[in-house]
Amino acid sequence: MTKPTTTPPGTLRLAPKPPKAEPVAQPVVPPVAAATPAPAKRSNAKPRQRPVTALRTKPPAALQAAEQQALQPTDTGDRLAKRVAAMVPCSRSEAEQYIEGGWVKVNGQVVEEPQFRIQDQTITIDPNASLLELNSITIVLHKPADWIDGTEESLAKLNRNARRAHFDDARTLLVAAKHMAKDPSGIRMLQRHFKALTAAVPLENAASGLIVFTQDWRVERKLSEDMGSMEHEIIVEVQGEVTAQALHLLNRTLDSDESLPQAKVSINSTSPESSKLRFAIKGAHRGLIAYLCERAKLEIIDMRRIRLGRVALADLPVGQWRYLGVGEKF
C-alpha cells in the first residue's frame, strides 16, 4: 500500500507542468535573393560575337565522332602502351611512340591510341617498326576558291556578318578522305599528322591554289622569315584580250609604284573571250594583283597560285592534299 505524500506546513505546492510539445520540422526554404535589374540595352546594340580562330575550327562531324569513339575511356584492361612496353621491351614513352607511329595492331587492326584498353586481344608489333620515322610532317593542299586558308590572318579579316554565317575553312579538308590517291611522297598517313598543324602562307579567299600546313618548326620559320624573298607564281584569268598597254601597266613602270613590291607579268594565252596572265611576285601581298588588274582595266575571272618557292602544285586535284616529299624544299 502506497503511503500518501505529505507536504510540510507553509510549503506552496504547484500543479505539475504539462509536457512540452515537440516542434514539427519545417522544410528549409532558402532565402530569395533580390532580383538584380538587368542593365538596359541600347536600341542599336549588337550581340557580342566570339572571335573566330583557326584553333576553334571544328573538324567534320564524322571525324569528330570517330575520334570520340576511339578515345572513349573504359575501366577494364590495361593500357595498350603498358602491354607494348612489356613486349618490346622498352620504356612507356617509347611504347607510345611505336603506337602513334602505326606499328602496333590489335586483332589485326592498327591502333594509334596509347590509352586504348586491352584485355584478351592479340597484339602484334610490325617487325620493321622504327622510331626514326616519327618526323614532323608538312602538308600541301589545293585550296578551292572562296575557302578560308586557315591562317589567323585570314580569319581575322572576316567581317561580322561572315563570322555569323557559315564559311568554308580549308582545315576541314585535312582528312583521310581528301588525301591524294597517288601521293608521290610515300609517307604513311597517321592520325598524329592532323594534330598541331600551322597554316603558314596566306592566300586570298577568292583565289584557289597551293597553301601549306606544317608541324615542322623549321618549315614554319622558313616560310615566315624568308617570305619576302620567296617567289609566288600565280595564274590569273581575265576577261577579254590583254593589250600591250595593259601589260605595260601590270608590270608597274610608273614612278608612283616605287613603294609597291616588284611583280613580273607575262601573257600565257590570250583570246577575245579571256586571257591568262602569269604573275611572279616575291612575298604574299593581299590585294596587289587585284589593284594592278583594276588599274589596267582588266576584270579578274579566276586566280590560282601554282607555285611557292620551289614547291609546285603540279597535278594535285582541287580540294585534296598531299605530303611534302623528303626531297622537296621551299
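The values are calculated or read from the model by the stated rules, or taken from the named source; none is laboratory data. A quick note: this is a predicted structure, and the numbers were derived from the prediction, not measured. Every residue, glycine as well, gets a Cβ built from its backbone with ideal geometry; the counts of neighbours run over all protein chains shown. In case anyone asks, the SASA skips ligands and DNA or RNA and just uses the protein heavy atoms, side chains included. Shrake-Rupley method; radii C 1.70, N 1.55, O 1.52, S 1.80 Å.
Were the residues from residue 115 through residue 176 laid out at 0.36 nm apart, the gain over their Cα-Cα distance would be 19.8 nm. Note on the stretch 98-154: dipole from Cβ charges, positive end direction compared against 104, 145, 131; the farthest Cα belongs to 104. Residue 221 contributes an accessible area of around 120 Å² to the protein surface, as traced by a 1.4 Å probe with all chains present. With a simple spin-label model that places each label point 7 Å from the Cα along the Cα-to-Cβ direction, the separation between residue 183 and residue 237 comes to 2.9 nm.
Restricting the GluC sites (Glu not before Pro) of the stretch 251-302 to loop positions (DSSP other than H, G, I, E, B) with no more than 13 neighbouring Cβ atoms within 10 Å leaves 258, 273, 299. Put a dot 7 Å past the Cα of residue 244, heading toward its Cβ, do the same for residue 297, and the two dots end up 1.7 nm apart. Among 103, 147, the order of accessible area from largest down is 147, 103, computed with a 1.4 Å probe on protein heavy atoms. Rounded to the nearest 0.05, the FRET efficiency derived from the C-beta distance between residue 131 and residue 329 at R0 = 41 Å is 0.95. Here residue 277 sits with roughly 0 square angstrom of accessible surface, probe radius 1.4 Å. Residues of the stretch 126-155 falling in the label zone of residue 167, defined by backbone nitrogen less than 11 Å from a point 7 Å along Cα to beta-carbon, are 147-155.
Its Cα centre serving as origin, the stretch 229-298 has a Cβ charge dipole (Lys and Arg +1, Asp and Glu -1) of approximately 80 debye.
Work out the P(r) tail for the stretch 201-262: percent of alpha carbon pairs separated by more than 20 Å, whole number. Within the stretch 201-262, distances greater than 20 Å cover 51 percent of Cα pairs. The 1.4 Å probe gives accessible areas that order 98, 323, largest first, as 98, 323. When the Cα positions of 274, 319, 306 are compared along the charge dipole of the stretch 267-325, 306 comes out farthest toward the positive end, with charges on each C-beta of Lys, Arg, Asp and Glu. Of 166, 179, 285, the order by accessible heavy-atom surface (1.4 Å probe, DNA, RNA and ligands excluded), from most exposed downward, is 166, 285, 179.
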